[in-house]
Amino acid sequence: MAGETAAQFSPIIYMLGFGLLVSIPALVISRLISPRRRYNPVKFLPMECGQVPSGEGRTHFMMQYYAYILMFVVFDVMAIFLYVWGVSLFSLPRSATLPIIGFLAIMFAAMGYSLYLAGRKGIW
Amino acid sequence: MTTPIEDFRFGPFVASVVWLLFWVLIIVTVIVLPLIFVILFYVPLPLVNGEVLTPYLFLSMMIDPTRTLPILNFLIYTEFFRVAVFPGFMYAALIAAATIFIERKFLARMQLRVGPSHAGREALGTGFEGLFQLVADGLKLVSKEIIIPAGADKPIFWAAPIAFVAAAAAVVCLIPVAPGWVVSNIDVGLIVAFAIFGFFPLIEVLFSWASNSKYPFIGGLRALHQLIAFEIPFILSALSVVILSGSLNLTEITYAQSSYWFILFLPISAFVFFMSSLAELERIPFDLPEAESEIVAGWLTETSGMIYGLIQLGTYVKLYALAALFVVLFLGGWMGPQIFPDQLGPPGEKPPLLQLLTLDGLYHGPTANAIFWFTAKTFLMIHLMLLIRGINPRIRIDILLHTGWYKLIVLSFINMFIALALIYGGVLGPGGLLTPN
């Protein structure tokens, strides 16, 4: 049973493998026929609009909107939970929708509060 | 290492081409052909029409029409054909190439760009101007030098474009093009599609970190923000489809729309899904990760040559996948009025050549019809996505986050409640007014 379930997914692996099979030769052929002369140290510098780059390329970067990332971690999982309910809606009794509405209400309240907090720029 | 470029001379150029041909011939005769026969010796060959499919038989099918159709009939039902050609890679790549061509022509018409609407009119005739630009662009990408910036993380830098194409291909294999014509018919196909779409920003962030440059890094972070703003509306907008169809299998979702398309009852969800798929694709109102007028080319700044080409191929395959997903979820997939005949050619016994021309035994009317309608609807969706690109500016990142979190999530919930009300009000669902018996 578990093997059958896993075997359902094997075409995805074939397709991924076919993607590799197509793209690797493309890179190899390009590497074979493209010119590779004229060594010049400036050519290999990171792009900074013609200036000589200053500092590291991998710098610390001010990541704003951090609150939204925290919210994403919670509410993305909530969205997938709803799928489990949505698929089996027809096989559930109607009264089973009430707890889901309650769950959604709690989640909406949490989301509203976190959006309110995310909008207060002073605390971030 | 610093050597000046030699002068171009025609004689040495011809000589190098001849040498190349010579080596190809040598390698084919000495290595490739023996290898094929060694492999064929060990591989159990399939039976076609009571005969073992030997290479001789396979090659003779081009001359003998009585053999062609059974062999073709055998080949198109193999797993390899599905993965490589029809619902799989080749079909998607062809649509991607067509999309690039259409996009150029369409944008040239809308924005008065002169190139694609004039180039090559003498050679190709009106309507096909700009077709050579596609070829020239491909040749340019293949023959350009791949420059890897100093200090880049080379394995990831090479692997990212390959992973991009492979992930895009993996989405394509979930999409049912016609009844039974899907590479992998999974019970949880929709969830798998969302899971694979989650890979793309990851690849972008990895690539931007690996290229050791500032603009790609900013672009990668923007891709991440776009993911967190639009992933939840994207997932929630498809939830109402799942509620109405009661299945996560994309084929079953299509069958659930045999009497009415879901866009009739879920227009708001369809709108949210369309908007979030534009964000997923990083197309123009939401093309912040590669905003070419702000941060050079975003996360694509350090790409060159075929690395850029592969990422573009992956992007357009992804565009096809998302347009096709919209068609499957909201526009009824392959459903449409029957316009193809059940059989090509005159009925009754036919001479062999006519059998070959009318694809006797291979042609199936309903399937051809399904493929036609699916492709037509997909192209309609692709045109809509291109139209949005033609008429919109880019939005700011805080507006992007605001749109995703405050508006689109609420809109998709509203349509979900409408769907629930329709089900509990006895309009849709089992025993409903509009449910076919």
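So which residues in region B:184-227 are under 28 Å from A:Ala6 (Cα atoms) and not in a helix (DSSP H, G or I), if there are any at all?
B:Ser184, B:Asn185, B:Ile186, B:Asp187, B:Val188, B:Gly198
Helices (runs of 4 or more DSSP H) wholly in region B:100-156 with at least 3 residues that are under 30 Å from A:Leu45 (Cβ atoms) - which ones?
In region B:100-156, B:131-143 are the helices (runs of 4 or more DSSP H) which contain 3 or more residues that are under 30 Å from A:Leu45 (Cβ atoms).
What helices (runs of 4 or more DSSP H) lie completely within region B:313-409 and have 2 or more residues being surrounded by fewer than 24 Cβ atoms within 10 Å (Cβ to Cβ), within 14 Å of another protein chain (Cβ to nearest Cβ) and on the phi < 0 side of the Ramachandran plot?
Fully inside region B:313-409 and qualifying: B:397-402.
If I filter region B:411-425 down to residues being out of contact with any Leu (no Cβ under 7 Å at 6 or more places or on another chain) and more than 9 Å from every other protein chain (Cβ to nearest Cβ), which single residue comes out as surrounded by the most Cβ atoms within 10 Å (Cβ to Cβ)?
Looking at the filtered set, the residue picked out is B:Leu411.
For B:Leu239, are the conditions met, namely being part of a helix (DSSP H, G or I), among the aliphatic types (A, V, I, L, M) and within 30 Å of A:Gln51 (Cα to Cα)?
So B:Leu239 does not fit the description; no.
Of the residues B:Lys140, B:Lys144, B:Lys154, which is at the interface with chain A (Cβ under 9 Å from one of its Cβ atoms) and charged (D, E, K, R)?
None of the others qualify; the one that does is B:Lys144.
Of everything in region B:68-116, what is surrounded by fewer than 19 Cβ atoms within 10 Å (Cβ to Cβ), among the aromatic types (Phe, Trp, Tyr) and out of contact with any helix residue (DSSP H, G or I) (no Cβ under 7 Å at 6 or more places or on another chain)? Give them in sequence order.
Matches in region B:68-116: B:Phe74, B:Tyr77, B:Phe80, B:Phe86.
For B:Pro233, are the conditions met, namely being crowded, with 24+ Cβ neighbours inside 10 Å and in a loop (DSSP other than H, G, I, E, B)?
no
Cβ contacts < 6 Å: first residue in contact (Cβ under 8 Å) with a residue 40 or more places away in the chain, restricted to region B:368-392; second residue crowded, with 17+ Cβ neighbours inside 10 Å and among the small types (Gly, Ala, Ser), any location; separation 6+ or different chain. Result?
Sorted first by the residue in region B:368-392, then by its partner, the pairs are B:Ala370/B:Ala178; B:Ile371/B:Ala178; B:Thr378/B:Ala323; B:Thr378/B:Ala324; B:Met381/B:Ala323; B:Ile382/B:Ala323.
For region B:249-270, give me each residue that is under 21 Å from the mean Cα position of the chain (by Cα) and not hydroxyl-bearing (Ser, Thr, Tyr). Reasoning before the result, please.
Looking only at region B:249-270, we keep the residues that are under 21 Å from the mean Cα position of the chain (by Cα), and these are B:249-251, B:253-254, B:270.
Across region B:249-270, the qualifying residues are B:Asn249, B:Leu250, B:Ile253, B:Ala270.
Working carefully through the options B:Leu433, B:Leu428, find the one that is of a type in the set (A, V, I, L, M), without any contact (Cβ under 8 Å) to a residue 24 or more places away in the chain and in a loop (DSSP other than H, G, I, E, B). Can you show your working first?
Working: B:Leu428 fails: without any contact (Cβ under 8 Å) to a residue 24 or more places away in the chain.
The unique qualifying residue is B:Leu433.
So, in region B:242-278, exactly how many residues are assigned to a loop (DSSP other than H, G, I, E, B) and closer than 17 Å to B:Ala195 by Cβ? It would help to see each step written out before you state the result.
Just the residues of region B:242-278 that are assigned to a loop (DSSP other than H, G, I, E, B), to begin with: B:246-249, B:256-261, B:265-266.
When the remaining residues are screened for being closer than 17 Å to B:Ala195 by Cβ, the result is B:248-249.
Of the residues in that region, 2 qualify.
Which is within 27 Å of B:Gly332 (Cβ to Cβ), of a type in the set (Phe, Trp, Tyr), part of a helix (DSSP H, G or I) and touching a residue at least 60 places away in the same chain (Cβ under 8 Å), of B:Phe413, B:Phe417?
It is B:Phe413.
So which of A:Leu117, A:Leu104 is among the aliphatic types (A, V, I, L, M) and either within 10 Å of chain B (Cβ to nearest Cβ) or touching a His at 6+ places or on another chain (Cβ under 9 Å) (or both)? I'd like the intermediate steps shown before the answer.
Details: A:Leu117 fails: either within 10 Å of chain B (Cβ to nearest Cβ) or touching a His at 6+ places or on another chain (Cβ under 9 Å) (or both).
Residue meeting the stated conditions: A:Leu104.
Just the residues that are of a type outside the set (Gly, Ala, Ser) and more than 9 Å from chain A (Cβ to nearest Cβ), please, taken from region B:189-209.
Selection gives B:Phe197, B:Phe199, B:Phe200, B:Pro201, B:Leu202, B:Ile203, B:Glu204, B:Val205, B:Leu206, B:Phe207.
Residue check: is A:Tyr14 in contact with a helix residue (DSSP H, G or I) (Cβ under 7 Å, 6 or more places away or on another chain) and closer than 30 Å to B:Ala193 by Cα?
yes
For region B:55-64, which residues satisfy the criterion of being part of a helix (DSSP H, G or I) and surrounded by fewer than 16 Cβ atoms within 10 Å (Cβ to Cβ)?
The answer is B:Pro55, B:Tyr56, B:Phe58, B:Leu59, B:Ser60.
A quick yes/no check of all residues on (1) more than 14 Å from chain A (Cβ to nearest Cβ); (2) at pLDDT 85 or above; (3) over 30 Å from B:Ile175 (Cα atoms):
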residue	(1), (2), (3)
B:Tyr91	no, yes, no
B:Ile100	yes, yes, no
B:Phe106	yes, yes, no
B:Ala119	yes, no, yes
B:Ala123	yes, no, yes
B:Gly127	yes, no, yes
B:Gly130	yes, no, yes
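So, B:Leu72, is that one farther than 24 Å from B:Phe372 by Cα and assigned to a helix (DSSP H, G or I) or not?
Answer is no for this residue.
The values are calculated or read from the model by the stated rules, or taken from the named source; none is laboratory data. Since the model is a prediction, treat every value here as computed from it, not as a measurement. Here the Cβ is made from the backbone with ideal geometry for all residues, glycine too, and neighbour counts use every protein chain on show.
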